[in-house]
1. Can you pull out every residue in segment 210-236 that is touching a residue at least 40 places away in the same chain (Cβ under 8 Å), among the charged types (D, E, K, R) and open to solvent by 50 Å² or more (accessible area, probe 1.4 Å)?
2. The conditions are (1) on the phi > 0 side of the Ramachandran plot; (2) in contact with a Leu (Cβ under 8 Å, 6 or more places away or on another chain); (3) of a type outside the set (Asp, Glu), and Leu255 fails exactly one of them. Which is it?
3. List the helices (runs of 4 or more DSSP H) inside segment 151-270, counting only whole elements, that have at least 2 residues being at pLDDT below 95.
4. Go through segment 183-208 residue by residue and tally those that are more than 20 Å from Phe115 (Cα to Cα) and either touching a Phe, Trp or Tyr at 6+ places or on another chain (Cβ under 9 Å) or crowded, with 23+ Cβ neighbours inside 10 Å (or both).
5. Go through the residues of segment 10-27 one by one and say whether even a single one is open to solvent by 90 Å² or more (accessible area, probe 1.4 Å) and modelled with pLDDT of 95 or more.
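The values are calculated or read from the model by the stated rules, or taken from the named source; none is laboratory data. Note that the structure is predicted; figures quoted are calculated from it, not measured. No Cβ is skipped: glycine too gets one built from the backbone with ideal geometry, and neighbour counts run over all protein chains shown. With ligands, DNA and RNA removed, areas are computed over all heavy atoms of the protein, side chains included. Shrake-Rupley method; radii C 1.70, N 1.55, O 1.52, S 1.80 Å.
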Amino acid sequence: MEARWLSRSPWMLLLAAACGVAAAELPAACPKVVVSADPDYAPLHWYDGKELRGPSIELAARILADLQIPYEIRYVGPWKRVLAYAAVGKVDLVATLKIQPERERYLDFVRTPAFPNPVAVFVRRQRAFLFNTWQDLASHKGGIALGNTFGQQFSEFAAAHLQLEESGTADSNFRKLGLGRIDYFVSGLFTGEAWLARHDGGAQLMAMRPFLAEDKNYYAFSKASPCARYLDAFEARLKELVANKSNIAMLNASLQNLDVKLDSATLSRK
């Protein structure tokens, strides 16, 4: 009788309800951090047919291992799918990308830059044109790979003033450029130079100066992922590795492996 009365006591019912609410409010577990990246963005990150590689991947793995956080490097498909998966928490950490307002709706960016990533305008050497400002692109037909953006200001300028097609991958756009189907292709400098170094037709193409933009790439956690709780610890370790230039050493090793030769003059806007 007493036990039955206690089970029906209002105080016991309130306590049970409170415990249920507390359990429901406990943060979801993060058994491991799923890391992914653009599979077509060498030398920062790329898919070699078996796994994702590159300094963005190497640096993320180094940080997570140092923090003793379980992780998995996972290829999930093309770049737009990576972003779509990150938006719903199927990818926990994106390595690495540019900060854009639309991306900030579903990604928490690690504010310490991971890598420099200047943006260049690539053209055919024999059809190079005067380029000093964005306005100089207005009379030419350009290309950009699907999913790539190069800053809010440039996006707005391009929408209002440029003939800029978004299609395909870096590979397909460079081939279009070589065939004369577009007059220029906007790409990260390192990615573009890596493509030129790997393809026979690369010698016919070049990156113009000045750069379109001086940019940087950042890590970002999915806001929909419980693993976002590691952001502060991740950034603290990243700052240490950036301070001792481990990130630049990884980038330089990747550039050398891909036979990309860039000196200080090449990296200058002047």
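1. Glu214, Lys216, Lys223, Arg229
2. Against the list (1) on the phi > 0 side of the Ramachandran plot; (2) in contact with a Leu (Cβ under 8 Å, 6 or more places away or on another chain); (3) of a type outside the set (Asp, Glu), Leu255 comes up short only on (1).
3. So the answer is 152-161, 170-179, 189-198, 246-257.
4. Residues meeting the conditions: 10.
5. no
Each row is one residue, and each column tells you yes or no for (1) among the charged types (D, E, K, R); (2) within 30 Å of Leu130 (Cα to Cα).
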| residue | (1), (2) |
| --- | --- |
| Ile73 | no, no |
| Lys80 | yes, no |
| Ala84 | no, no |
| Val88 | no, no |
| Asp92 | yes, no |
| Lys98 | yes, yes |
| Pro101 | no, no |
| Phe109 | no, no |
